[in-house]
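Contents: one structure, followed by commentary.
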Amino acid sequence: MTSDQKVYRFAYWFACLIVAATLLSGYHKILYPADFALSVYRFHLLPDFLVNIASLYFQWLEIVCGIVLLFIPKFRVAALWIAGGLLVVFSGAIGISLVRGTAFSCGCFSNAPDALPMSGMSLARNGALLALCGLALYAQRKWRIKLPDIM
Amino acid sequence: MRTTLKQIGIILLVSGVVALAVNSIHPRKIPWVQSWSDHVEARSRQAGIKVIPLSVALQKFQSPEGAVTFIDARSPEEFAAGHIPGALPAPFQTLEEQFPTLGNLIDSGQELVVYCKNRECDDSLMLAIELQAMGAENLTLFVDGFEVWQKYGGAVVP
């Protein structure tokens with residue numbers, strides 16, 4: 001394996017690990033589903049009947065993606081695409097709420113009432129995670145393309 | 001690419017099945033569909049009253065003296081047992097007795113933060129609507145209420 005490939009492989013694993021850890025850190029949504037549903041409601045973007053459905057589905061989609069990124073290498077690329085899609089959706093929702101003006105937390109990492117309200121930092125954090133997803137996908141591609149050359 | 005799309009589909013499907021299965025046995029399970037329009041927050045929004053959570057209420061509590069006044073809409077007994085320091089008791093049931101004090105507060109232009117017991121009680125919302133009708137513009141509803149304030153270490157005086 002060339003040094004380039006080692007760097008790409010490291011970047012891929014590193015980015016996957018960070019994204020997985022971030023997704024799995026949302027476990028509190030599963031422990032307290034009603035609190036997360038309230039967070040989703042507070043975005044005021046979905047009709048009433050979709051609030052609980054979306055909150056229950058997204059919390060598990062995050063966890064399943066996190067588990068796949070850590071333990072199922074064959075499905076990692078798919079999980080990265082989904083994680084990227086989720087980050088785009090969440091960032092859009094946060095952006096709209098910031099423009100409208102909100103005093104509430106996004107519920108991303110804590111449902112506690114004393115969690116800080118969403119801000120530009122929430123968007124910056126999502127942007128960084130999205131960049132990590134992109135990095136992982138890019139590094140994986142480079143790594144894979146080069147593998148047959150040395151085989 | 002086709003394989004990836006297939007795998008994406010599998011992950012999306014598995015997540016849905018897991019969500020369905022876990023929510024059916026979860027000790028704190030929630031209904032898949034519920035009406036949010038009955039909630040105090042939704043009704044406040046409809047009435048055009050700004051709603052804040054504990055984090056923001058705590059910030060407002062630290063504001064310079066005279067900038068913000070907390071108004072307690074709970075019963076006199078609950079107020080006597082403990083309340084936010086400096087809060088004005090204004091139980092909705094005996095509101096008329098408080099009209100002169102509240103009128104002065106509204107005229108002062110101070111921000112008024114109204115609260116009651118918890119997220120489910122609507123006395124604070126009723127009071128806020130009344131204050132709004134009296135001309136209060138700088139008005140906020142602290143939706144988490146006194147129980148959460150106390151639970152998370154907010155200052156309390158008997």
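The values are calculated or read from the model by the stated rules, or taken from the named source; none is laboratory data. The structure presented is a predicted model; accordingly, all values stated were derived computationally and were not measured. Here the Cβ positions follow ideal geometry from the backbone for every residue, glycine too, while neighbour counts run over all protein chains shown. Protein only, heavy atoms only, side chains kept; ligands, DNA and RNA dropped before computing areas. Shrake-Rupley method; radii C 1.70, N 1.55, O 1.52, S 1.80 Å.
On a per residue basis, region A:3-150 carries 47 Å² of accessible surface, using protein heavy atoms and a 1.4 Å probe. At a threshold of 20 Å², the residues of region A:44-70 that become less accessible to a 1.4 Å probe in the full protein assembly than in their chain on its own are A:His44, A:Asp48, A:Phe49, A:Asn52, A:Ile53, A:Leu56, A:Tyr57, A:Trp60, A:Leu61, A:Val64. Taking only the C-alpha atoms of chain B, the Rg (one decimal) and the largest Cα-Cα distance, Dmax (whole number), read 21.1, 72 Å. Averaged over peptide B:139-150, the number of partner chain Cβ atoms lying within 10 Å of each residue's Cβ comes to 1. Compactness of region A:3-150, taken as the C-alpha radius of gyration over 2.2 N^0.38 Å, stands at 1.14. The B and A chains share an interface that buries close to 3400 Å² of accessible area, total over both sides, probe 1.4 Å. Taking +1 at the Cβ of each Lys and Arg and -1 at the Cβ of each Asp and Glu, which of A:Ala11, A:Phe36, B:Ser37 sits farthest along the dipole of the protein assembly as shown towards its positive end, judged by Cα position relative to the Cα centre? The listed residue farthest towards the positive side: A:Ala11. If the chain linking B:Gln34 and B:Gln46 were pulled fully straight, counting 0.36 nm for each residue of separation and taking away their Cα-Cα distance, it would gain 2.5 nm. A Förster distance of 22 Å, applied to the separation of the beta-carbon atoms of B:Gln150 and B:Gln110, puts the FRET efficiency at 0.40.
Projected onto their three principal axes, the Cα atoms of the protein assembly as shown cover extents of 87, 40, 31 Å, largest first.
Projected label points at B:Lys60 and A:Tyr27, each 7 Å from Cα along the beta carbon direction, are separated by 3.6 nanometres.
Screening chain B for whole DSSP H helices with an alpha carbon extent of at least 20 angstrom along the helix axis and a mean Kyte-Doolittle hydropathy of at least 1.0 yields B:2-25.
Here the extension length gained between B:Ala80 and B:Leu5 equals 20.8 nm, from 0.36 nm per residue of separation less the Cα-Cα distance. The simple Förster model, with R0 at 51 Å and r as the Cβ-Cβ distance, assigns B:Phe99 and A:Lys74 a FRET efficiency of 0.15. In the context of the full set of protein chains, residues of chain B present 52 Å² of accessible surface per residue (probe radius 1.4 Å, heavy atoms only). Most tightly packed first, judged by the mean number of other beta-carbon atoms within 10 Å of their residues, the peptides B:84-96, A:130-142 read A:130-142, B:84-96. Largest accessible area first, the listed residues B:Trp149, A:Trp60 line up as A:Trp60, B:Trp149 when surface is computed with a 1.4 Å probe on the assembled protein chains. If R₀ is 51 angstrom, what is the calculated FRET efficiency for the pair A:Phe10 and A:Ala34, using the beta carbon separation as r and rounding to 0.05? Approximately 0.80, to the nearest 0.05. Legend: residues in region A:74-119 shielded by at least 50 square angstrom of accessible surface upon adding the remaining protein chains to the isolated chain (1.4 Å probe, heavy atoms) are A:Phe75, A:Ala78, A:Ile82, A:Ala103, A:Phe104, A:Pro113, A:Asp114.
Here the accessible area of chain B is 56 percent carbon and sulfur, with a 1.4 angstrom probe and all protein chains present. Inter-label distance, A:Leu17 to B:Val17: 3.1 nm, where each label sits 7 Å from its Cα along the C-beta direction. The angle separating the long axis of helix A:48-71 from the principal Cα axis of greatest extent in chain A is about 30 degrees.
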